[in-house]
Amino acid sequence: MKLFTWTNIRLVLMIMLVLFLFSFASMRNENRKITKIDVKIIDEDTPFLLPTMVNKLLIEKNEHSKTITKEGLDLKRLEKSVNNHDLIQKSELFVSVDGVLKAVVKQKTPVGRVVQETGSFYIDYEGNRMSLSENYSARVPLVSGKIDAVENEKLSEVLKMIYEDDFLKKNIIGVQVVSSGNLIMQNRNYDYTIDFGKIINIDRKFKNYKAFFQKAVLDSTLNNYKKINLKFTQQVVCIK
């Protein structure tokens, strides 16, 4: 009995040819130079960053991006550098088959803007500091006063709740932190202030405010008040 038939030999040769072609194609792909950079910003409605800015950042972090090969490109290192940008929450980098370095970028989401004598900055959705952008200004509540009198996580929780609620987002335009840690809020269309008190029972207080507002609109009494006190969870105290 023959160990090798002509059919077996042809099969082995075909397998070897396929492996050779695959290796050759892989080598050509790895040695392919980066032809261009393509940047996509996910949330284009809030352009804190422009694609040209990310493009420039990628070039600065990789000076020879147009001559470097796919194999010589350290995507993890480059991605880490991009993610360190103060306006970027997360990015994903990859190289297409035709040698295009693609970057998909998600920007940070601001929920409040701190205004102080020493400067101004955003508080992002994660409660971290975020720089202002020269290209776009977010419509978020202005935060002022003794910011250090409250915990960052607590203040961020209040701002996130305002950001996520359509009514609160349109109604509340300012949050002042006083030395006691209490919050005083300003609304968009009326002269009264909102005495929110300590950062406790946040959800209950906002529900009370929304219920009060809806009733006061029906009664046409909103212009009668100077202060709305939300410190008590069982009632809303209105001062004329």
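Of the beta bridges in region 96-194, as assigned by DSSP with both residues counted there, near 70 percent are antiparallel. How much accessible surface area, in Å² rounded to 10, belongs to the heavy atoms of residue 184 with a 1.4 Å probe? Here the residue's solvent-accessible area equals roughly 40 Å².
Distances between placed amide hydrogens fall under 5 Å for residue 143 paired with 113, 114, 115, 175, all partners being 5 or more residues away or on another chain.
Quick one: if the Förster radius is 51 Å, what FRET efficiency do residue 86 and residue 200 give, using the C-beta to C-beta distance and rounding to 0.05? Spell out each step's value before the answer.
Details: r = 31 Å, r/R0 = 0.62.
So, using R0 = 51 Å, E works out to roughly 0.95.
Computed on protein heavy atoms with a 1.4 Å probe, the accessible areas place 212, 206, 232, 167 in the order 232, 167, 212, 206, largest first.
Pairs from the table (36/80; 40/102; 80/102; 160/227; 154/231; 40/90) lying more than 18 angstrom apart at Cα are 36/80; 160/227. Sorted largest first by accessible area at a 1.4 angstrom probe radius, with every protein chain in place, the residues 94, 213 fall in the order 94, 213.
For residue 204, the accessible area of its heavy atoms, probed at 1.4 Å with every protein chain present, is near 110 square angstrom. Each residue was assigned an accessible area with a 1.4 Å probe, and for residue 180 the value is about 60 Å². Among 104-117, 148-161, sorting by the average number of other beta carbon atoms lying within 10 angstrom of each residue, highest first, gives 104-117, 148-161.
How many Å² of accessible area per residue for region 138-182, probe 1.4 Å?
54
Measuring nothing but protein heavy atoms, the accessible surface of region 82-143 at 1.4 Å probe radius is 46 percent carbon and sulfur. With a 1.4 Å probe rolled over the protein heavy atoms of all chains, the accessible area of 118, 221 falls in the order 118, 221, largest first.
The values are calculated or read from the model by the stated rules, or taken from the named source; none is laboratory data. Note that the structure is a prediction, hence the values are computed from the model and not measured. Cβ coordinates were reconstructed from backbone atoms using ideal geometry, including for glycine residues, and neighbour counts include every protein chain displayed. Side chains are part of the model used for accessible areas, which takes the heavy atoms of the whole protein and leaves out ligands, DNA and RNA. Shrake-Rupley method; radii C 1.70, N 1.55, O 1.52, S 1.80 Å.
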